[in-house]
Amino acid sequence: MAQDRDIYLDNAATTYCNGEVFYAMQPYFISNYGNPNSVHQSGYAARDAVEKARAAVAKIINADPDEIYFTSGATEANNWAIKGIVWASPIKRVLVSAIEHPSIIKAARWLEKQGVEVEYIKVDENGIISIPDLLAKLAKPACLVSVMTANHEVGTVQYINTIANICSKNNVYFHTDATQALESVSINVKEMDITALSLSGHKIYGPKGVGALYIKRGTNIDVFMHGGHQEKGMRGGTYNLPAIVGLGKAVEICMRDGNSNNVRMKQLRDYFIKEVETKIPGVKLNGHRNQRLSNNINFSFLGVIGESITAMLDTMGIRASTGTASTSETLNQSYVLKAIGVADDYINGSVRFTLGRGTTKEDLDYTVNCLMTVVKKLRTVSPINLKAGGENV
Ligand code: PMP
C-alpha cells in the first residue's frame, strides 16, 4: 500500500519549490551570478533582480519597497523585529502572544534574561487573542506587541486589524509574524498600520533559507547583523541572490493564484474535517472552526499518542505531523495546545494535517480510511486508552 503513495500533508512545515520559481532562480546561480553590490554590469543586473523581488514582496502587503529587508527566513526576521525594537527603545517591556512561534517565544525568553519585561497575552480556547487581556497589559507602557497573523499549529487566524488598531492608538509598535498566512490572509500594512511583519520563502512554494522583514519607514529599530552596506546597513551580508529572486517569484504567484488556491483548499479542508468527525469517534478539532488557515486541520484523537499515528500513517505513504517540524521530534507537549486549554489526554493525541497546492480529494479519502484503521488499531493496544476506560472512544 505504502509504496505507491506519497501524500504530503505537512505543508506548514515546508512546501515544495514551485517549478516557475525554480526556473526563475536558475540563471542566478550559473550566468547572472553578480554581487548586487558590485559597481559593474554584472552587479547592476543582480541589483535589478533584487529590487524586482523587493517590489513584489512589498506589493503583496501594500508596503513600499524601501520598507522590505531580506533575511535568511522568518526566524531571523522575528528575532530582528523583537530584539531590534527592544534594543532601540527606552521602554524595556514587550507583549507577545502565548502561542507565538518559538522564534518569538524563545527570543522573548532570552530578552527576559537580559532584564526586559515580557508578558504573554492570553488566548481563548480557539486560539484567538484576548483583547481585554491585551488592553489590560497595555495599561503599562510597552515598546512592542507581537502577535502572529496565523498560528503554525492550530491555524487560527487573528483579527490583526483590531490588534494593530489598538496598538496604534496606544502608541505601541505592532509586529506580526505572517509566515503561515501570506497566501491565505490578505494583509495591508498601511491600512492596518502594522509596524513590522515577518515572512518566509519556503512556506509559500519558494526556496528555503530566505525571508523578509517589513519595517515601517521611521521605525526605531536597531541593526541586526553588522557587516556591509547591504539593506541600508541594517542587515549586512552578501545577498542570497537566487533565493531572493525565488522569493519574489513565489510572492508573485501567491498574488496571481492565491484566491483560487484558497477557495479550493478551504473546500478540501472542510470536507476532510467532516469526514473525520463523522467516521472517527473521540475526535476533537483544535483551533477555530472557521477563523483558520484554509489549509490547516489539527485534530486530537482521544486515547492515542499523536506520534504513533503519524509514524503509522508514514508507513502508509502519508506525511503528517504532530506540530511544528522543530518540536515534533521531542515528545514535549505542545505549548500552543496547552495555552488554548486543550486537556492533556487530547494534547497527546494531536496530529496536524496541512494541505498543499497538490492535495486532491482522493488523497484525503485515502487518508481518512488509513486514519480510521490506525486510530482503531492503536486504541486497542494503547495503555492510555485502556486506562481511560474503553477501546471504542
Ligand atoms: N514563524 C512561523 C509561524 C513558522 O511557522 C515558521 C516556520 N515553521 C517560522 C516562523 C520560521 O520560519 P523559517 O523556517 O523561515 O525560519
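At-a-glance table
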item	result
Test set (1) within 16 Å of the ligand (Cβ to nearest atom); (2) buried (at least 20 other Cβ atoms within 10 Å of the Cβ) - Ala24 fails condition number	(1)
Options Ile99, Ile104, Ile91, Ile61; residue that is of a type in the set (Val, Ile, Thr), within 16 Å of Phe224 (Cβ to Cβ) and modelled with pLDDT of 95 or more	Ile104
From Gly258, Gly287, Gly282, residue being of a type outside the set (Ser, Thr, Tyr) and at pLDDT below 95	Gly258
Identity of the residue in region 42-89, of a type in the set (D, E, K, R) and touching an Asp or Glu at 6+ places or on another chain (Cβ under 9 Å), that ends up farthest from the ligand (Cβ to nearest atom)	Lys59
The lone exception for Lys274 - which of (1) within 16 Å of the ligand (Cβ to nearest atom); (2) closer than 27 Å to Val336 by Cα; (3) surrounded by fewer than 19 Cβ atoms within 10 Å (Cβ to Cβ) it fails	(1)
Selection within region 89-104 - under 14 Å from Thr176 (Cα atoms) and among the hydroxyl-bearing types (Ser, Thr, Tyr)	Ser97, Ser103
Checklist (1) surrounded by fewer than 19 Cβ atoms within 10 Å (Cβ to Cβ); (2) in contact (Cβ under 8 Å) with a residue 12 or more places away in the chain applied to Ala136, failing item	(2)
Criterion violated by Tyr173 - all others in (1) within 16 Å of the ligand (Cβ to nearest atom); (2) at pLDDT 95 or above satisfied	(1)
Checking Ser200 against (1) polar (S, T, N, Q); (2) in contact with a Ser or Thr (Cβ under 7 Å, 6 or more places away or on another chain); (3) outside the structural domain of Arg54 (by TED's automatic domain parsing), the condition it does not meet	(3)
Asp6 vs. criteria in contact (Cβ under 8 Å) with a residue 60 or more places away in the chain, exposed (fewer than 15 other Cβ atoms within 10 Å of the Cβ) and not assigned by TED's automatic domain parsing to the domain that holds Leu247	yes
Residue match in region 270-279 (condition: touching a Lys or Arg at 6+ places or on another chain (Cβ under 6 Å) and more than 16 Å from Ile60 (Cβ to Cβ))	no
Residue pairs meeting the criteria (Cβ under 8 Å; at least 6 apart or on separate chains; first outside the structural domain of Met225 (by TED's automatic domain parsing), in region 58-83; second modelled with pLDDT of 95 or more and within 16 Å of the ligand (Cβ to nearest atom))	none
Pairs with Cβ under 9 Å, 6+ apart, first in region 10-30 and without any contact (Cβ under 8 Å) to a residue 12 or more places away in the chain, second among the basic types (Lys, Arg)	Tyr23/Lys249
Selection within region 166-196 - within 24 Å of Asn295 (Cβ to Cβ) and in a loop (DSSP other than H, G, I, E, B)	Ala178, Thr179, Gln180, Ala181, Leu182, Glu183, Ser184, Val185, Ser186, Ile187, Asn188, Ile194
Residues located in region 222-256, provided they are within 17 Å of Val189 (Cα to Cα) and either more than 16 Å from the ligand (Cβ to nearest atom) or of a type outside the set (A, V, I, L, M, F, W, C) (or both)	Met255
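The values are calculated or read from the model by the stated rules, or taken from the named source; none is laboratory data. Treat the numbers as computed from the prediction; the structure is a model and nothing was measured. All Cβ positions, glycine included, derive from the backbone under ideal geometry; neighbour counts span all protein chains shown.
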